[in-house]
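The values are calculated or read from the model by the stated rules, or taken from the named source; none is laboratory data. Treat the numbers as computed from the prediction; the structure is a model and nothing was measured. So basically every Cβ, Gly included, is an ideal-geometry build from the backbone, and we count neighbours across all protein chains shown. The area values use the complete protein model at the heavy-atom level, side chains included, leaving out ligands, DNA and RNA. Shrake-Rupley method; radii C 1.70, N 1.55, O 1.52, S 1.80 Å.
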Amino acid sequence: MDQHLIFLLLGLANGAVFAALALALVVTYRSSGVVNFATGAMALFTAYTYSFLRQGELLILIPGLPLSVHLGTLSFWPAAVLAIAISAGSGLLLYGLVFRPLRTARRSRRRSRRSA
């Protein structure tokens, strides 16, 4: 019976991750009309950042710089909080540099002809 409960909890966790990613895709598509696959990339970036932090490395994905910087091994909570903070910061940066300017961009002629 214990194994059934463990597998139930593991399945619920996996299902919650899939549901959150699917919800993000649907909300982005419904609001902008664009399927944005960057949602999965941001989730993977967070997972890689957490994994590197647990090994004592800070992941740097800027070309020309070293791949990582040694920090020292972190336990679960500091690594998780730092990974989420780094991902939130990169998300805010992407919003300000990419997504916000797209709100005021002109729509294509093809789309405006269809609606007319």
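Annotations for the structure displayed:
- Amide proton proximity set for Glu57, modelled H, under 5 Å, gap of 5+: Leu71
- Take every pair of alpha-carbon atoms less than 8 Å apart whose residues are at least six positions apart; their mean separation over the length of the chain yields a relative contact order of 16 percent.
- Electrostatic bookkeeping for Pro78 treats Lys and Arg as +1 and Asp and Glu as -1; over the other residues with beta carbon under 15 Å from its beta carbon, the sum is 0.
- Separation of the Phe99 and Gln55 label points, Cα + 7 Å toward Cβ, nm: 2.9 nm
- Accessible area in the full protein assembly, largest first, 1.4 Å probe, for Thr73, Thr46: Thr73, Thr46
- Cα gyration tensor shape of the chain, rounded if a/c is under 1.5, else prolate or oblate by comparing a/b with b/c: oblate
- Placing a label point 7 Å from the Cα of Ala19 along the Cα-to-Cβ direction, the residues of the range 33-74 whose backbone N falls under 19 Å of that point are 40.
- Förster radius 35 Å - calculated FRET efficiency between Leu12 and Ser68 (Cβ-Cβ, nearest 0.05): 0.60
- Note on the chain: with charges restricted to the Cβ of Lys and Arg (+1) and Asp and Glu (-1), its dipole about the Cα centre is near 1340 debye.
- Measuring r between the beta carbons of Val26 and Trp77 and using R0 = 35 Å, the FRET efficiency lands at 0.65.
- Surface analysis of the range 17-86 yields an accessible area of 70 Å² per residue, using protein heavy atoms and a 1.4 Å probe.
- Ranking Ser31, Ala43, Leu94 by how far each Cα lies toward the positive end of the dipole of the chain (charges on Cβ) leaves Ser31 at the top.
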